[in-house]
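Each value in this text was obtained by applying a stated rule to the coordinates, not by laboratory testing. Source: prediction; values computed, not measured. Positions of Cβ are backbone-derived with ideal geometry, glycine not excepted, and every protein chain shown enters the neighbour counts.
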Amino acid sequence: MTGGIAAGKSTVSQHLRECGIAVIDYDELTHILQEPGSPAIMLLEQRFGPDVIDADGRVDRAALAARVFGGAQGDNTALADLNAIMHPLIDQLAAEAERHVLAVNPNAVIVHDIPLYADVHEHLPVTFDHVMTVEAPVSTRVQRMMRTRAMSREQALARIVNQATSEQREQLADAVIDGNAAIPDMDCQVDQLLRSWHVPMAATHAPSERL
Ligand SMILES: CC(C)(COP(=O)(O)OP(=O)(O)OC[C@H]1O[C@@H](n2cnc3c(N)ncnc32)[C@H](O)[C@@H]1O)[C@@H](O)C(=O)NCCC(=O)NCCS
Ligand SMILES: Nc1ncnc2c1ncn2[C@@H]1O[C@H](COP(=O)(O)OP(=O)(O)OP(=O)(O)O)[C@@H](O)[C@H]1O
């Protein structure tokens, strides 16, 4: 699963989990890797300086975001350098998470929630049976980011322009979830998709019981 920022991926993830599906969330993996003691800390401090690490030794994500999305004068490679540090570590942790899920249940259905799939798919060490993207208009997503992430319009737009476009994501996907629909409708879209892909769902959340 991929999708533009604030299109509704976490909302879909929640429903997938309720359906008994394991979700590996690459934003969560990023956050784990930015906790004290992670190998990423030293690399990020070397590249971005001590200001992006807080007093407890974890990444100050707001400070780092300002560095990479804030258009700092003379630092044109900041975002690419952040990605070069983080992405291999995220991929490694995702592979570990997948192994862990499969060790418990070799038949598990696993969804990787990869916001930047369109940007990174050529280098990912895993391949997928299906790709879905969650999409909503830019104006809706900007409003959501301003409301729920306390971002300014400029900060919200800076994230969007530094990601692939909806069209690029849709070209790679075999299904598009309308993240602008009401949440119960989104859930129904997901249920239909899972049925069409013959994905078994947890009985307690079978769609017929919810409707
Ligand atoms: C830039 C950072 C510090 C921002 O932290 P913050 O708490 O504000 O955002 P969070 O991590 O919750 O991510 C929210 C969304 O921002 C967008 N985003 C995150 N990283 C990037 C990036 N490198 N390029 C473009 N958009 C990004 C995604 O849509 C993501 O879903 C952090 O996201 C980070 O270190 N990103 C680099 C790792 C990465 O690429 N993660 C995405 C994995 S696919
Ligand atoms: N269909 C919807 N209708 C109304 N609000 C929604 C809908 N989908 C998501 N939202 C709300 O929009 C915000 C962003 O949604 P969500 O966190 O699911 O998006 P996301 O794609 O995971 O975002 P991010 O890229 O920031 O991780 C949340 O507050 C969520 O409750």
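Observations, loosely collected:
- Unique residue being more than 16 Å from ligand 2 (Cβ to nearest atom), within 18 Å of the chain's Cα centre (by Cα) and of a type in the set (A, V, I, L, M, F, W, C) when the list is A40, A22, A55, A6: A22
- Filter pass, A66 being among the hydrophobic types (A, V, I, L, M, F, W, C), part of a loop (DSSP other than H, G, I, E, B) and farther than 29 Å from A175 by Cα: no
- The set of residues from the stretch 178-190 being more than 11 Å from ligand 2 (Cβ to nearest atom) and within 15 Å of V131 (Cα to Cα) comprises just one member, V190.
- Failed item, numbered, when M1 is tested on (1) touching a Leu at 6+ places or on another chain (Cβ under 6 Å); (2) within 12 Å of ligand 1 (Cβ to nearest atom): (1)
- Count - residues of the stretch 139-186 that are in contact with a His (Cβ under 6 Å, 6 or more places away or on another chain) and among the hydrophobic types (A, V, I, L, M, F, W, C): 0
- The residue pairs whose first member lies in the stretch 32-46 and is within 15 Å of Q92 (Cβ to Cβ), whose second member is within 12 Å of ligand 1 (Cβ to nearest atom) and of a type in the set (G, A, S), and whose beta carbons are closer than 9 Å, counting only pairs six or more residues apart or on different chains, are I32/S38; L33/A40; Q34/A40.
- Pair list, Cβ under 8 Å, 6 or more apart: the stretch 147-162 residue more than 15 Å from L64 (Cβ to Cβ), other residue surrounded by 11 or more Cβ atoms within 10 Å (Cβ to Cβ) and not aliphatic (A, V, I, L, M): A156/R141; A156/R149; I160/G4; I160/R141
- Every test in (1) more than 16 Å from ligand 2 (Cβ to nearest atom); (2) under 16 Å from D25 (Cα atoms); (3) out of contact with any helix residue (DSSP H, G or I) (no Cβ under 6 Å at 6 or more places or on another chain); (4) not charged (D, E, K, R) is passed by L116 save one, and that test is (1).
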